[in-house]
Amino acid sequence: MEDENNQEIEYEDDGETGEAADLVEKIKKIKEKLKYCQQEKQEYLTGWQRAQADFVNYRRRQEEQLAEWLKMSSEKVLREILPVLDTLHSFEKTHGGQDEKTEKKHLAEGLVGVKKQLTNILNSNGIEEIKSIGEKFNPEYHEAMEQVESDKPAGTIVEEVQKGYLINGKVLRPSRVKVSK
């Protein structure tokens, strides 16, 4: 320390003044570290908020894209089904007014053709029939409508009441079946 005449005055270190200086220095370091931690916390918070906003935007874009894909896939399937409808219209125009026997024959042939067209469309879109008759009953793929007497082993499907379908390997609709007792 200096007096009025710029002469340095020395104080005896009784131990307490040194401790006070150490405490002041420690407090300064702690304040600096606190300031650094607060800045770092703010950077992390800002980064987290940015990431959260990015995620919300990403999810919204994904939902919009999924909706668009579903719309496009529906349009694709409908476009594929239109030729089947055209076949029915064409059949109706060309086979009306014939004698009953010829008309029934043409109707049967037309229905077989329409069924084939629809089956091809469904297959090309990942839909396939679930095999049932003669198969062992499986509740994942079959819905039992009733049990019937049969010479087949118990639990064997003997009749299919309504066809079941898989879409890309997952059950779209289970087969409704009659099972042997």
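Assuming R0 = 45 Å, can you tell me the calculated FRET efficiency for the pair GLN162 and GLN49, based on Cβ-Cβ distance, to the nearest 0.05?
Details: r = 54 Å, r/R0 = 1.20.
Once the sixth-power term is evaluated, E becomes 0.25.
Of GLY110, ALA144, LEU23, which is farthest on the positive side of the dipole of the chain, counting Cα position, with +1 on Lys and Arg Cβ, -1 on Asp and Glu Cβ, and the Cα centre as origin?
GLY110
Relative to the longest principal axis of the C-alpha atoms of the chain, give the angle of the C-alpha long axis of helix 16-94, reported between 0 and 90° and rounded to the nearest 10°.
10 degrees
Would you mind checking LYS115/LYS170; LYS71/LYS105; LYS116/LYS181 for any pair whose Cα atoms are more than 29 angstrom apart?
LYS71/LYS105; LYS116/LYS181
With a sphere of radius 13 Å drawn around the Cβ of CYS37, what net charge do the other residues whose Cβ falls strictly inside it have (Lys, Arg +1; Asp, Glu -1)?
Values: positive: LYS29, LYS31, LYS33, LYS35, LYS41; negative: GLU32, GLU40, GLU43.
Taking every Cβ under 13 Å from that of CYS37, the sum is +2.
How large is log10 I(q)/I(0) at q = 0.10, 0.11, 0.17 Å⁻¹ when the Debye formula is applied to the Cα atoms of the chain, each weighted equally and without solvent?
Taking Cα atoms of the chain as identical point scatterers yields -0.78, -0.86, -1.15.
What does the helix-only formula give at 222 nm for the chain: each DSSP H stretch with n ≥ 4 adding -39500 (n - 2.57), the total divided by the residues, and the result rounded to the nearest 500 deg cm²/dmol?
Calculated mean residue ellipticity at 222 nm is -21500 deg cm²/dmol.
Angle check, please: helix 100-124 long axis (alpha carbons) against the longest principal axis of the chain (alpha carbons), in degrees 0 to 90, nearest 10.
Between the helix axis and the principal axis of the chain, the angle is about 20 degrees.
Computed from the coordinates by the stated procedures, all read-outs in this text should not be read as laboratory data. Computed from a predicted model, the values in this text were never measured in an experiment. Neighbour counts are summed over all protein chains in view; Cβ atoms, including those assigned to glycine, are modelled from backbone coordinates with ideal geometry.
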